[in-house]
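Read the structure below first, then the notes.
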Amino acid sequence: MLLVLGLAAIPCLLFPQMAIVAAMSIVGIPIAILMALIPPAFLFVLLTATVSLGLPTRLAWLTSPLIAAALLAVPPFLINRSMDQTTTALVSGDRDQVIRPFQTGTLAVRSDQSVFWTKTQTHCDDFCMRALLTGSVQRIMVLDYDKEMPDVDFSATARTFHMERRASCPLVELVDARLLDLDGPRDFKAPKASERMRIEIAKGNCLIEAEAPLSEADTVISTGQVKRGLDDYRAGLDPTADTMSVYRISMQSKAGGRFSEVYRSTGVASYRLLPLLLPSYVTGYQFDIRIGFPRLLRLTQLDRFGPRPDWSGFVVHVLGMKLALPAGSADAAVVLAAKLGLSQPIDAVTNSLAEDFFSRLGDKRPASQADIDLAVAALNDRRLDIPRHVYTAASHAKDVTPQSIARLADVLFARLFELDIKVGRFGNIDAPQAGDLALAIQYLPDDVIPAHRANLERLARDTPRRVAAYRVLTRLSALGADGIPTMLYLIDDAALQPRDKGNFWQHSYLAGVQGLCQLGERGAPAAEPFLERIQAGTIPLYSSYDDLAINTLAGMGADKERTWQAVSAKDQTISRGRFDSVFERAKHKIDCSY
């Protein structure tokens, strides 16, 4: 038996990756489990056989396994007990002497939760902005560190933030970093701290950044990891490896010019050895696997799936800070309207405020008449950039006057043709605003499109612009049969574009064929010209393009057998069964997507 286990253990020890491969299938799961059990079983049997050599034969069968188990149990017992004693010592210093309700003037936060700030971004995170906006503090000091939590150096220089009324505000770039969990499921419609802060700045309540020594704080909170231990994978076959990680939140308050610790909460995560010191498989990141001593994770004053340490829980529950923000979409609209009425240049904050306004339009079903009027006014103001969420003005404008929709369509097309479209050396076009405007125009109702037929014809012949905003040209379908010549032109012109030059060929082709597809039965006059282009090789029939062509022809009411003959002659890979399935499905619901 020992020899069989030894021979079986060799591939298990040398090629642990085989267990991962086996576990990928249901049939292979038992094999993976068996591979994990063979090495510890072999070691236990080997130790048992070794012990039995020094025992009388009559007692060996009973006592040798017990002695082997005892020998294997001693190291884990001693090591785990030492970790328990260390954990007890670490948490014994925890305290809570916070005076409630918690109040402080200047609050300093030292944290290891690093944020990859860009050079232009303001280092005031979600908590920083919320604490200032709600008046929980008058000034915030922030100091980040990369490694284990160092002792507090009160002479260290920290960034400071406070709000101050000024005639003009310094430039800031706000991002919602290190989001707080304010209890309950996250409400994505709730106001963001950056949105509320931009509203305040637009009102003249500026966010001021400066520097000051940490000693100026009234309260200093330190949060982060005190010690980093190894996990079971990195510990491997070292039973004495340090596998304890320590997390802590500490708060020091100033009294009489001196700081003293009034709060400390320590959490410990330790990987404890199993009762018997036997090797098996331990896994790491993704498919990493190796031989090691399996361990179980024990958490002390930590949530298995929660943050470590729980910063949100500390500020919300322990300190009781009220950091929820009032809804501010109406305020944003009022402030934005006021800014548009001024003749002075538009700053970056107002641009971001406009972006917030359009983004929040997506939360309204439908948007109000006043909202759409303000959206049109913002788009007509060339001092403002084109918002990334400009499409919400069209997608949510359901209960507004036809005149407002017409004005919205006018300004969307106008802004599209004002863009400077540049083509890169390799045919790439970097014009995201064109795509944003195209998406907005896609949402416009059909009845406003005929008034812009000239714009569509102009766009179809402006090759770089149509590539950047090709979705606009699918709206040619709103013209009915009158739009067919232009859509066929787009398909023909696409065939003249180089296939290796950016998206010039693909976007030009999709603009034409998706527009024809959306015509449905109204596109019947284009069925024969489309079939002719298939026979001429102008229509691509590989990948998803064949489904798009079949859907287009089926929607037009083309003859099924004629379509099959044309498609199968050019696409040798398509089966009759698959063709029939796509064609019949298109009769019930046309799929014009790609």
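Key figures
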| item | result |
| --- | --- |
| FRET E, pair THR86, ASP373, Förster distance 56 Å, beta-carbon r, rounded to 0.05 | 0.25 |
| For segment 446-452, 3J(HN,Hα) per residue [Karplus equation, 6.51 cos²θ - 1.76 cosθ + 1.60, θ = phi - 60°, Hz, x = Gly/Pro] | 4, 6, 9, 6, x, 5, 10 |
| Amide H contacts of ASP363 (H built 1.01 Å from N, under 5 Å, at least 5 apart or other chain) | none |
| Degrees between helix 193-202 axis and first principal axis of the chain (Cα, 0 to 90, nearest 10) | 60 |
| Interchain or long-range residues, amide H under 5 Å from LYS227's placed H | VAL246 |
| Solvent accessible area, Å² - GLU561, 1.4 Å probe, full protein context | 90 |
| Angle in degrees between helix 560-570 and the longest Cα principal axis of the chain, rounded to the nearest 10 | 70 |
| Accessible carbon and sulfur surface of the chain relative to its total accessible area, %, 1.4 Å | 56 |
| 31 Å Cα-Cα threshold exceeded, pairs from LYS192/LYS501; LYS203/LYS322; LYS189/LYS501; LYS119/LYS339 | LYS192/LYS501; LYS189/LYS501 |
| Normalised alpha carbon radius of gyration of segment 152-246 [divisor 2.2 N^0.38 Å] | 1.67 |
| Residues with amide H under 5 Å from that of ASP181, placed H, sequence gap 5 or more | SER312 |
| Computed magnitude of the charge dipole of segment 270-404 (debye, nearest 20; Cβ of K, R +1, Cβ of D, E -1) | 780 |
| Where a label projected 7 Å from the Cα of MET24 along Cα→Cβ would reach, residues of segment 268-290 with amide N under 17 Å | 284-290 |
| Debye log10 I(q)/I(0) at q = 0.09, 0.10, 0.20, 0.21 Å⁻¹ for segment 1-108, Cα point scatterers | -0.51, -0.58, -1.05, -1.07 |
| Straight-distance crosslink candidates among lysines, where the alpha carbon sits under 21 Å from LYS147 and sequence neighbours closer than 8 are dropped | LYS227 |
| Nearest 10 degrees, 0 to 90: helix 57-91 Cα axis against the chain principal axis | 70 |
| Solvent-accessible area per residue for segment 104-318 (1.4 angstrom probe, square angstrom) | 48 |
| Cβ crowding within 10 Å averaged over residues, with 340-353, 501-514, 405-418 ranked highest first | 501-514, 405-418, 340-353 |
| Selection from VAL268, MET141, PRO366 lying farthest towards where the dipole of the chain points positive, charges on Cβ | VAL268 |
| Two-decimal log10 I(q)/I(0) for the chain, as the Debye equation yields it once each C-alpha is a single scatterer, q = 0.07, 0.09, 0.10 Å⁻¹ | -0.75, -0.97, -1.02 |
| Contact order normalised by residue count of segment 104-318, Cα under 8 Å, 6+ apart, percent | 20 |
| For segment 120-136, 3J(HN,Hα) per residue [Karplus equation, 6.51 cos²θ - 1.76 cosθ + 1.60, θ = phi - 60°, Hz, x = Gly/Pro] | 9, 7, 7, 7, 10, 7, 4, 5, 4, 5, 5, 4, 6, 5, 7, x, 5 |
| Segment 226-248-segment 58-125 distance, computed between alpha-carbon centres (Å) | 10 |
| Cβ-derived FRET efficiency at R0 22 Å, ALA210 paired with SER155, nearest 0.05 | 0.85 |
| Cysteines without a disulfide-compatible neighbour (Cβ-Cβ under 4.7 Å), the chain | CYS12 |
| Ordering of 243-256, 468-481 by burial proxy (mean other Cβ atoms within 10 Å per residue, highest first) | 468-481, 243-256 |
| Hypothetical label at SER114: residues of segment 214-235 whose amide nitrogen lies under 20 Å (7 Å Cα-Cβ projection) | 222-231 |
| FRET efficiency for ALA69 and GLN301, using Cβ-Cβ distance with R0 set to 25 Å, rounded to 0.05 | 0.15 |
| Segment 1-92, accessible area per residue, ligands and nucleic acids excluded (1.4 Å, Å²) | 64 |
| Only Lys, Arg (+1) and Asp, Glu (-1) charged, at Cβ; segment 461-594 dipole about Cα centre in debye | 320 |
| Per-residue HN-Hα couplings for segment 577-592 [Karplus 6.51, -1.76, 1.60; θ = phi - 60°; Hz; x = Gly/Pro] | x, 5, 4, 4, 4, 5, 5, 5, 5, 5, 5, 8, 8, 6, 10, 9 |
| Probe 1.4 Å, accessible area per residue of segment 350-505, Å² | 43 |
| Over the chain, relative contact order from alpha-carbon pairs under 8 Å, at least 6 apart, % | 9 |
| Estimated distance in nm for a label pair at ARG425 and LEU46, the labels positioned 7 Å out from Cα along Cα-to-Cβ | 6.1 |
| Contour excess over end-to-end distance, with Cα ends at SER575 and LYS147 and 0.36 nm allotted per residue | 148.0 nm |
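The values are calculated or read from the model by the stated rules, or taken from the named source; none is laboratory data. Since the structure is predicted, the reported quantities are computational estimates derived from the model, not experimental observations. Using ideal geometry, Cβ is built from the backbone for each residue, glycine included, and neighbour counts are taken over all protein chains shown. Accessible surface is based on the protein model in full, side chains and every heavy atom, while ligands, DNA and RNA are left aside. Shrake-Rupley method; radii C 1.70, N 1.55, O 1.52, S 1.80 Å.
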